[in-house]
Amino acid sequence: MLTLRMASTAARRALAKVRRSPKRAKLGLSAFDVQLFLDSAGLGRTVSKFPAKETISTQGDPANHVMYIQEGSVKLTVVNEVGREAVVAILGPGDFFGEGCLAGLSICMATATTIAPTTVLVIEKNEMIRVLHSEHEFSDRFIAYMLGRNIRVEEDLVDQLFNSSEKRLARTLLLLARFGAAGEPEKVLPKVSQETLAEMIGTTRSRVNFFMNKFRKLGFIQYNGEIHVNNSLLSVVLHD
């Protein structure tokens with residue numbers, strides 16, 4: 001049975017450990033405020049606002065920044081040698097992207113495009129490395145996030161290999177609504193087209209349309225321009 005989770009128990013525990021550093025307190029220094037750092041501009045970081053359907057970065061661009069989404073949603077896509085495009089992720093508030101530069105990547109591996117009006121904190125590579133090394137509260141949070149996303153990638157692979165397109169679509173809708181993540185799920189999804197959903201789950205738009213209509217008739221979703229996801233959609237994913 002495929003479980004829905006955004007992070008493992010270990011990752012969530014690591015995130016819960018974000019706290020004031022005893023060493024910092026002993027030295028009489030003020031605590032590092034992780035959320036304030038991510039919510040504001042400063043040395044080595046700027047806040048940028050983008051309208052919907054705007055390109056933030058393009059596959060092949062120099063990789064020298066890490067991005068943190070403050071508001072809105074972003075689609076990551078890749079294009080192969082023959083021009084075929086695939087959606088690899090839909091990200092929302094609290095998500096990072098562009099972290100490949102920290103591992104030595106010199107170019108962006110995906111194109112980041114906004115789905116809705118989006119505000120992004122752009123952190124220079126050197127500043128990101130500095131704060132990861134010097135601020136344990138921040139590094140705890142970032143590591144927990146990356147662990148959770150790694151688990152998500154593994155689950156996506158299992159989903160593609162073993163589950164039907166109907167179950168893959170249901171799981172994708174639930175993940176977009178952030179079911180299984182901390183806090184309350186978002187009942188209304190960011191605007192995402194059936195073509196994008198088809199690219200995400202590896203099927204055709206006509207199949208997505210068929211299952212969306214089926215989910216609507218069964219009361220799992222309301223679909224009238226915006227997609228409203230109900231808890232009952234979980235039954236599709238959990239059913240063997």
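Ser48 to Ser134: extension gain in nm, 0.36 nm per residue of separation minus the Cα-Cα distance? All intermediate terms of the calculation are to be shown ahead of the outcome.
Numbers: separation 86, 0.36 × 86 = 30.96 nm, distance 2.51 nm.
Contour length minus the Cα-Cα distance gives 28.5 nm.
Distance in nm between label sites at Asn126 and Ile107, each 7 Å beyond Cα in the beta-carbon direction?
2.5
Aspartates and glutamates near Lys214 by alpha-carbon distance under 20 Å, same-chain residues fewer than 8 away left out - which ones?
Qualifying aspartates and glutamates at Cα under 20 Å: Glu166, Glu195, Glu199, Glu226, Asp240.
So for the pair Thr204, Gln59, with labels modelled 7 Å out along Cα→Cβ, what separation do we get in nm?
Roughly 2.4 nm, to one decimal.
For the stretch 71-133, what is the per residue volume of the convex hull drawn over the alpha-carbon atoms, in cubic angstrom?
Details: hull volume 5.8 nm³, N = 63.
Cα convex hull per residue, to the nearest whole number: 92 Å³.
Past 25 Å, Cα to Cα: identify those pairs from Lys53/Lys217; Lys167/Lys191; Lys75/Lys217; Lys49/Lys167; Lys125/Lys191, in the order given. Present the calculation step by step, with values, prior to reporting the outcome.
On the way: Lys53/Lys217 30 Å; Lys167/Lys191 21 Å; Lys75/Lys217 28 Å; Lys49/Lys167 35 Å; Lys125/Lys191 31 Å.
Among Lys53/Lys217; Lys167/Lys191; Lys75/Lys217; Lys49/Lys167; Lys125/Lys191, the Cα-Cα distance tops 25 Å for Lys53/Lys217; Lys75/Lys217; Lys49/Lys167; Lys125/Lys191.
On the full set of protein chains, 1.4 Å probe, figure out the accessible area of Glu195 and give it in Å² to the nearest 10.
Only protein atoms counted, so the area is about 90 Å².
Once Rh is set to the Kirkwood radius over Cα pairs, what Stokes-Einstein translational diffusion coefficient, in µm²/s, holds for the stretch 53-195 at a temperature of 25 °C and a viscosity of 0.890 mPa s? All intermediate terms of the calculation are to be shown ahead of the outcome.
Values: Rh = 16.4 Å.
Answer, rounded: 150 µm²/s.
Which residues' amide hydrogens lie under 5 Å from the amide hydrogen of Ser57, considering only partners 5 or more residues apart or on another chain, with H built in the peptide plane?
Close amide H contacts, sequence-distant or interchain: Ala112.
Could you give the length gained on full extension between Arg84 and Ser40, defined as 0.36 nm per residue of separation minus the Cα-Cα distance, in nm? Each step should come with its number before you reach the end.
Working: separation 44, 0.36 × 44 = 15.84 nm, distance 3.72 nm.
Here the segment from Arg84 to Ser40 would lengthen by 12.1 nm.
From a point 7 Å beyond the Cα of Gln160 in the direction of its Cβ, which residues of the stretch 184-223 have a backbone N at a distance under 15 Å?
197-204
DSSP loop (so not H, G, I, E, B), at most 16 other Cβ within 10 Å: list which trypsin sites (Lys or Arg not before Pro) in the stretch 25-134 pass both filters. Intermediate results must be reported in sequence, preceding the final value.
On the way: sites: Lys26, Arg45, Lys49, Lys53, Lys75, Arg84, Lys125, Arg130; in loops: Lys53, Arg84.
For trypsin sites (Lys or Arg not before Pro) across the stretch 25-134 that sit outside H, G, I, E and B with at most 16 neighbouring Cβ atoms in 10 Å, the list reads Lys53, Arg84.
Tell me the GluC sites (Glu not before Pro) within the stretch 41-84 that lie in a loop according to DSSP and have at most 10 other beta-carbon atoms within 10 Å. Could the numbers behind the result be given before it?
Numbers: sites: Glu54, Glu71, Glu81; in loops: Glu54, Glu81.
Sites meeting the loop and neighbour criteria: Glu81.
The values are calculated or read from the model by the stated rules, or taken from the named source; none is laboratory data. Quick caveat: nothing in here was measured; it's all calculated off a predicted structure. Here the Cβ is made from the backbone with ideal geometry for all residues, glycine too, and neighbour counts use every protein chain on show. Heavy atoms of the whole protein, side chains included, go into the accessibility calculation; ligands, DNA and RNA do not. Shrake-Rupley method; radii C 1.70, N 1.55, O 1.52, S 1.80 Å.
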